[in-house]
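Asker: Following this message is one structure expressed as C-alpha cells.
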Amino acid sequence: MARRTSLPVTFVVPTIAILLVLSMVPTLYAIVIALQNRELSTPDYSWVWLSNFADLFLDRRFLNAVWVSVKWEIVTVVATMVVAIGLGVLMFEVAGPRLRNLHCLLFIIPVLLPRVSAAFVWKFAYHPLYGIATYPYRLVTGGLIFDPLSKPGTALFAVASVDVWQWGLFFAVIVLKLLETLPPQPIEAARLDHAKRWQIHAYVTLPMLKAPLISLMFVKMIESLRSFDLIYVMTRGGPGVATETLDMYAFSQGFIESGKVSYASAMAVLMMIATVITFTMLWKRVQA
Amino acid sequence: MRPGRLIGKAILAVAGFLAVFPLLWTALNALKNNVDIITRVPRLVFTPTWANIIYILGRDSVLTGLYNSVVACGSAVLIGVVLGLPAAYAVARYPNRWAGDIQFFVLSLRFLPPVAVAIPLMVIWLQVGLYDTLPALIITYSLLTISVIMWLAIPAFQSVPKEIEEAAFVDGYGAYSVFWRIALPVAARSLAGAVAFSFVLVWNEFLIALMLSSSNAKTLPIVASELSQQGMNVPWGILNASVVLLSLPPLLFLGVLSGFLNSVFRQKKT
C-alpha cells in the first residue's frame, strides 16, 4: 500500500514524541539526581558527581540486594518455565477439549489479580497459626509452627511461590496453545517409531517450539524485575535483609529510612543501565 | 484408563484447585467474623456476616481510593487508546525503515525499572506542584498504557486482511476513513483485549502510585496495603474484604482477555 498520504506522520509522530518526552525526561533526570546529594528533608543540594556510585560499591547492604535480586530472577524464571511447560504438556496429553477450556480459564485468574491482592491472599495463607497453607503442616505434626515468611532460608522462596502461582499457571495456558498450533504429522511419525510420550515432547514438540518458548522466558525475565509489590506487602525485605531486592532497598533508602533520594536514584540508575543493556542484547539475539 | 493418564488428571485437578482456592478462601474469610478466622483449624461452616464488606464500603479512604483508581486508570487508558491505536495502525500498515526501531523502543519502555522512573518523577512533580495529584498519576500511567496498547495493537492491525482495506481504497475511501471505518471495526475484538490488558496493568500498578501520592491521590492498591500496615490487630475479615474489592475489576475482564489469548494463537495457526 504505497499511497501518498499524511496518515503515517500524523498518527506516529505525536505519539512517539509524547512517549519520548515521558520516558526520557525521568530517565535523564534520574541520572542528574544521582549525581547530586538531594535529601527529602531539605531543598538544598550540591553536585557530588560519582560519589554516590562509589559509596554503593562499599555498601554491603547494596551488594546483598544485588545478590537477592539475581537469586529472585533465577528462581522465579526457572520455576515459572518448569511449571508452565510441565502443566502445558500435561494438559496437552491428558485433557480433552472441555477440560482444557476450563483449565485455561482457571489458570488465567491468578495473573489478573493485582500483585497486592495476590500478596495478601498468600500472606494470610502462610500465617503460622491461622493460615490455610500451613494448616496441613500443623495437622500432620500435631500443631507445630511453621512460619515460612519469617525464616531467612525460606522467605524468598515463599514470596517467589506467589510469583510462580501467578505467572507459571498463566504461561501453562500459553504453552498449551503453542502445542495446539503444531502440525500433527511429526508427532504421529514419532509415535509410529514407538517413541514414549515424554520422548515425543523432549525431542520433537518442545524443540519445535524453541523460539516462542525463549520469547516467553524473555517476557518473564522482564516481569520478574517487578517484584516490589509482592515483597513490600509480604516481607518488607525481611527477615533482616533476606528478601531485600534492589527496588526494595532503593525504596527504603529513599523513603522509609533516610530520605536519601540521590542515593536511591544512583541505585535505580545502575539497575536501569544493567537491565537495558542485558535485555537489549537478549532481544537482539532472540530476534536474530 | 491407563494409570499414567489418571495421575496426570489428578495433578491437573490439584493445579486447578490451587489456582482458585486461595482466592475463594479469601472471599470466604471476607464473610466471616473474626472468631471464625482466627482458628487453628480452618472453618468451612460459619455464620456469614456482611459487616466487613459494609465497613469497607463505608470508609472514606476506601471510597477515595476507588474513585482515584477509576479516574486515574480510566483516563490513562483513554489517552492510551487515542494516542496508541492510530500509531500502532500506522506502524502496522505503513512500515518504513524506522518501524523496527519504533517497535523496539516501545518494548524497551518495559525494561525501565519502575523505581528508576518513579524517583525522578516524584522530584519533578514536587517541583511543579503536581505531586500527590491525579493529573500527575494520569500522565505517568499514560506512558504505560500508550506503550502497551501500541505493542499489542500492531499485530492486531497486521492480522486484518489487506484485501479488505485495498477494496475500500478502490471504492474511493481515503487513508483516514479506511482506518476509521474498516481497520478499527475489523480488529475491534483483538483491540478490546489489548485495551483491557492495559487497564488491568495500571489498575494493578503499585510502586509508582505509592511514590507519587501521599494523601489525596492514593489509589486502591495503596489504601488496601495500608490497611494491613496497622498490624494484625486489624480485623482480618476487613482486610480480606478489601482484597476482594481490589481484585474484582481485573477479574471482570477474564472473558475478554481469554478470548484475546485465543484469537492471538488462532492467527498464528493460519
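Asker: With (1) modelled with pLDDT of 90 or more; (2) within 12 Å of chain B (Cβ to nearest Cβ) as the list, and A:Glu39 as the residue in question, which single condition is left unmet?
Answerer: Answer for A:Glu39: the failing condition is (1).
Asker: Only helices (runs of 4 or more DSSP H) wholly contained in segment B:158-256 count here; list those with 2 or more residues that are free of Cβ contacts under 8 Å to residues at least 40 places away in the same chain and facing chain A (nearest Cβ under 10 Å).
Answerer: Because the criterion is at least 2 residues that are free of Cβ contacts under 8 Å to residues at least 40 places away in the same chain and facing chain A (nearest Cβ under 10 Å), the helices (runs of 4 or more DSSP H) in segment B:158-256 that meet it are B:162-170, B:220-229, B:236-252.
Asker: Limited to segment A:193-207, what total is found for residues that are among the hydrophobic types (A, V, I, L, M, F, W, C) and surrounded by 16 or more Cβ atoms within 10 Å (Cβ to Cβ)?
Answerer: The qualifying residues number 4.
Asker: Kindly indicate whether B:Ile149 is in contact (Cβ under 8 Å) with a residue 60 or more places away in the chain, away from chain A (no Cβ under 11 Å) and surrounded by 21 or more Cβ atoms within 10 Å (Cβ to Cβ).
Answerer: no
Asker: Ok, one more. Scan segment A:265-279 for residues that are at the interface with another protein chain (Cβ under 7 Å from one of its Cβ atoms) and farther than 13 Å from A:Ile31 by Cβ and jot them down.
Answerer: Across segment A:265-279, the qualifying residues are A:Thr275, A:Phe279.
Asker: Moving to a separate point now. If the requirement is being farther than 28 Å from A:Trp47 by Cα, crowded, with 24+ Cβ neighbours inside 10 Å and in contact with a helix residue (DSSP H, G or I) (Cβ under 9 Å, 6 or more places away or on another chain), which of these qualifies: A:Val241, A:Val233, A:Val286?
Answerer: One residue alone meets the criteria, A:Val233.
Asker: With A:Ala172, A:Ala190 as the choices, which residue is within 13 Å of chain B (Cβ to nearest Cβ), small (Gly, Ala, Ser) and either part of a helix (DSSP H, G or I) or crowded, with 17+ Cβ neighbours inside 10 Å (or both)?
Answerer: When all the criteria are applied, what remains is A:Ala172.
Asker: Output yes when any residue across segment B:41-51 is within 26 Å of B:Trp203 (Cβ to Cβ), assigned to a helix (DSSP H, G or I) and more than 7 Å from chain A (Cβ to nearest Cβ), and no when none is.
Answerer: Scanning segment B:41-51, I find no residue that is within 26 Å of B:Trp203 (Cβ to Cβ), assigned to a helix (DSSP H, G or I) and more than 7 Å from chain A (Cβ to nearest Cβ), so the answer is no.
Asker: Consider segment A:125-169. How many of its residues are touching a residue at least 60 places away in the same chain (Cβ under 8 Å), hydrophobic (A, V, I, L, M, F, W, C) and more than 7 Å from chain B (Cβ to nearest Cβ)?
Answerer: 10
Asker: Looking at (1) surrounded by fewer than 18 Cβ atoms within 10 Å (Cβ to Cβ); (2) under 26 Å from B:Trp203 (Cα atoms); (3) facing another protein chain (nearest Cβ under 9 Å), which is the only condition B:Leu83 fails?
Answerer: (1)
Asker: Quick one: A:Asn52 ticks every box in (1) more than 30 Å from A:Leu206 (Cβ to Cβ); (2) surrounded by fewer than 20 Cβ atoms within 10 Å (Cβ to Cβ) bar one, so which box is it?
Answerer: For A:Asn52, the exception is condition (2).
The values are calculated or read from the model by the stated rules, or taken from the named source; none is laboratory data. Note that the structure is a prediction, hence the values are computed from the model and not measured. All Cβ positions, even for glycine, are placed from backbone atoms using ideal geometry, and neighbour counts span all protein chains on display.
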